[in-house]
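Just below is one structure, and these are the notes that go with it.
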Amino acid sequence: MAIQRMDNVLIVVEDLDAAIAFFVELGMELEGRAPVEGPWVERVIGVEGVRQEIAMLCTPDGHGRVELAMFHEPEAVAAEPGEAPANTLGLRRIMFAVDDVEDTVARLRPHGARLVGGVEQYGGVYRLCYVRGPEGIIVGLYEQVG
């Protein structure tokens with residue numbers, strides 16, 4: 001049996017409003033926002049006393065989703081180091097195709113985004129960059145040019 005699709009990526013944040021604003025500015029659509037708690041959540045994630053709020057955002061084509069979660073109880077645990085470099089083990093970034101890399105970066109700056117490195121051209125095919133968004137989230141942006 002094969003998987004059907006990748007449904008979403010979860011990002012745990014401390015400031016849900018700021019993270020939502022960042023991803024909405026990127027071009028995602030907020031599908032919903034709701035509190036989540038109770039025994040079923042505790043059993044699924046293996047953490048007792050869970051009380052959280054989640055938001056689900058979707059790409060304009062409807063195929064990609066980012067789930068944001070803010071824990072009220074228990075308190076979220078910070079990863080070390082806070083702004084890990086690209087060679088750190090684990091999930092490092094999520095990548096989005098955009099119409100215009102420079103315009104997207106400019107629109108995201110008021111929401112806390114800053115370039116990790118620079119905007120680079122990969123052959124005659126792509127322009128791409130990484131930005132750090134709220135809470136150190138790394139987002140890759142690429143624009144097809146060829």
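The values are calculated or read from the model by the stated rules, or taken from the named source; none is laboratory data. In this text the structure is predicted, and so the values were computed from the model without any measurement. Cβ placement follows ideal geometry from the backbone for every residue including glycine, while neighbour counts extend to all protein chains displayed.
Here are some notes:
- Within the option set R33, R43, being among the charged types (D, E, K, R), surrounded by 13 or more Cβ atoms within 10 Å (Cβ to Cβ) and outside the structural domain of H111 (by TED's automatic domain parsing) holds for one residue only, R33.
- Per the listing L115, L141, the residue uniquely surrounded by 12 or more Cβ atoms within 10 Å (Cβ to Cβ) and in contact with a Ser or Thr (Cβ under 7 Å, 6 or more places away or on another chain) is L141.
- Residue match in the range 116-135 (condition: closer than 25 Å to E14 by Cα and acidic (D, E)): yes
- Within the range 58-112, the set of residues being under 19 Å from Y126 (Cβ atoms) and among the hydrophobic types (A, V, I, L, M, F, W, C) comprises A86, I94, M95, F96, A97, V98, V101, V105, A106, L108.
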